[in-house]
Amino acid sequence: MASLKRQLRGQRTARPTAFPLAASLVALALGFGVATAHADDDALPKLPNKTPLKVGFAQTESNNPWRLAETKSMKDTAAKCGWQLVVTDANGSNSKQVSDIQNMIAQHVDLLVFPPREEKPLSPIVLQAKKAGIPVILVDRDVDHSVAKPGQDYITFIGSDFINQGQRAADWLVKTTNGKAKIIELEGTTGASAANDRKKGFDDVIAKHPDMQIIASQSGDFARDTGRKVMETLLQAHPDVTAVYAHNDEMALGAIAAIKAAGKQPGKDIQVVTIDGTKGGMDAIAAGELGASVQSSPFFGPLACDVAQKYAKGEKIPTWVKVSDRFYDKSNVQQNMQYGY
Ligand code: AHR
């Protein structure tokens with residue numbers, strides 16, 4: 001137990017939370033009644049070593065290439081891994097994702113795999129799955145560790161280091177602008193671990209450079225059209241902007257459209273840096289409109305299969321299966337096009 005706590009401290013930045021009470025209220029409202037009974041020493045549910053395995057994959061939304069690639073990776077893996085896959089789409093709603101998972105629990109799936117849309121609203125359902133005896137693997141985004149802990153309440157978190165992604169984006173911007181910029185930040189979905197951590201990683205680096213200033217920071221919900229609209233408004237309020245940091249490619253592409261509509265040139269008048277490494281983002285780098293994109297791999301299917309098989313055999317699983325990501329700018333984008341999605 002003590003060593004698990006040490007591992008967790010080393011692996012993830014603790015996020016401030018006033019949460020246990022709020023989590024309990026959410027859980028009670030959802031009819032769980034179990035969220036407060038934090039089963040500290042209860043063993044994780046076992047995974048039967050059988051084929052086919054009924055696996056539930058609860059997607060958050062399907063409105064961008066990243067989400068589509070993630071779902072495709074799960075579907076492509078299912079046949080190879082001997083999974084009978086049940087897929088749902090929460091259409092961008094936390095409560096729908098929770099009820100999708102509740103339905104899967106009611107169907108007695110053998111394993112649950114999902115990206116929690118937001119950290120806090122999706123934490124209690126992890127405890128509910130555990131109570132129902134269904135093991136959980138979180139992919140892409142994580143939950144609030146003060147409520148549900150990897151290695152204790154769910155098998156593991158498989159995903160990128162979002163803080164590091166934000167740092168890498170900031171390092172590129174510092175270098176490209178010689179440490180002088182007025183930055184607009186387009187944040188991802190409020191409350192999502194990807195948005196929280198990408199913001200922290202970027203903002204902490206920028207804070208060390210006195211001539212770099214984040215002049216506005218607003219959510220574009222990881223969506224292209226919302227990113228474009230937010231950027232249009234922010235461009236009017238801040239005509240002196242010289243750089244944009246978007247938490248994903250889709251919002252960066254929306255921002256590029258807004259910059260062009262305002263008669264400015266992305267890549268010259270305003271530098272744009274982002275995260276994801278989608279095909280659309282890579283094409284924009286090749287066109288000189290996007291400066292750089294830190295890859296965020298959506299290909300979790302094979303990793304989840306590997307973890308599940310090892311777990312079913314009783315092997316020890318690390319609490320964080322860390323995904324390593326590439327980095328694309330004009331120096332290497334052409335030779336990496338095959339990794340775009
Ligand atoms: O959680 C990963 C993020 O979610 C991706 O960067 C984004 O494109 C997606 O919607």
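Things worth noting here:
- Equivalent ellipsoid dimensions for region 187-230 as semi-axes, Å, which come from the Cα gyration tensor, largest first: 21, 14, 6
- Surface share of carbon and sulfur [accessible, 1.4 angstrom probe, percent] for the chain: 52 percent
- Note: the chain, Cα convex hull, 129 Å³ per residue.
- Per-residue ellipticity at 222 nm computed for the chain from its helices equals -12500 deg cm²/dmol, with DSSP H segments shorter than 4 residues left out and the rest contributing -39,500 (n - 2.57).
- Once the Cα atoms are used to define both axes, helix 65-81 deviates from the longest principal axis of the chain by about 30 degrees.
- Cross-link partners of Lys72 among lysines, defined as those whose alpha carbon lies under 25 angstrom from its own and excluding same-chain residues fewer than eight positions apart: Lys50, Lys54, Lys80, Lys96, Lys279, Lys310, Lys322.
- Using 0.36 nm per residue and subtracting the Cα-Cα separation, the extra length available between Asn178 and Lys268 on full extension is 31.0 nm.
- Over region 78-131, relative contact order from alpha-carbon pairs under 8 Å, at least 6 apart, %: 31 percent
- Per residue, the chain exposes an accessible area of 42 Å² to a 1.4 Å probe, with every protein chain left in place.
- Amide H contacts of Leu53 (H built 1.01 Å from N, under 5 Å, at least 5 apart or other chain): Trp83, Gln84
- Backbone N within region 86-122 under 14 Å of label point (7 Å from Ala79 Cα along the Cβ vector): none
- Taking every C-alpha pair closer than 8 Å and separated by at least 6 residues, the mean separation divided by the residue count of region 162-296 gives a relative contact order of 25 percent.
- Neighbourhood charge, 14 Å Cβ-Cβ cut-off, centred on Asn103 and excluding it, Lys, Arg +1 and Asp, Glu -1: 0
- Each of Ala258, Ala181, Gln236 was scored by the projection of its Cα onto the charge dipole of region 162-296, and the greatest displacement toward the positive side belongs to Ala181; charges sit on the C-beta of Lys, Arg, Asp and Glu.
- Size-normalised alpha-carbon gyration radius of region 35-178, reference 2.2 N^0.38 Å: 1.14
- Helix 19-29 and the longest principal axis of the Cα set of the chain meet at an angle near 60°.
- In plain terms, the chain from Lys279 to Lys229 could stretch by 15.8 nm, reckoned as 0.36 nm per residue minus the Cα-Cα distance.
- The calculated pair-distance distribution of region 162-296 uses every alpha carbon pair, bins of 5 angstrom beginning at 0, and gives 2, 12, 25, 27, 22, 10, 1 percent.
- Geometric descriptor of region 115-194, per residue, is 92 Å³ (volume of the convex hull of the Cα atoms).
- In percent, rounded to a whole number, the relative contact order of the chain is 17, using alpha-carbon pairs under 8 Å and six or more apart.
- Once both labels are positioned 7 Å from their Cα atoms along Cα-to-Cβ, the gap between Ser95 and His209 label points is 4.3 nm.
The values are calculated or read from the model by the stated rules, or taken from the named source; none is laboratory data. From a predicted model like this one, the values you see are computed outputs, not experimental measurements. No Cβ is skipped: glycine too gets one built from the backbone with ideal geometry, and neighbour counts run over all protein chains shown. The protein model used for the area step is the full one, side chains on, heavy atoms only, and it has no ligands, DNA or RNA in it. Shrake-Rupley method; radii C 1.70, N 1.55, O 1.52, S 1.80 Å.
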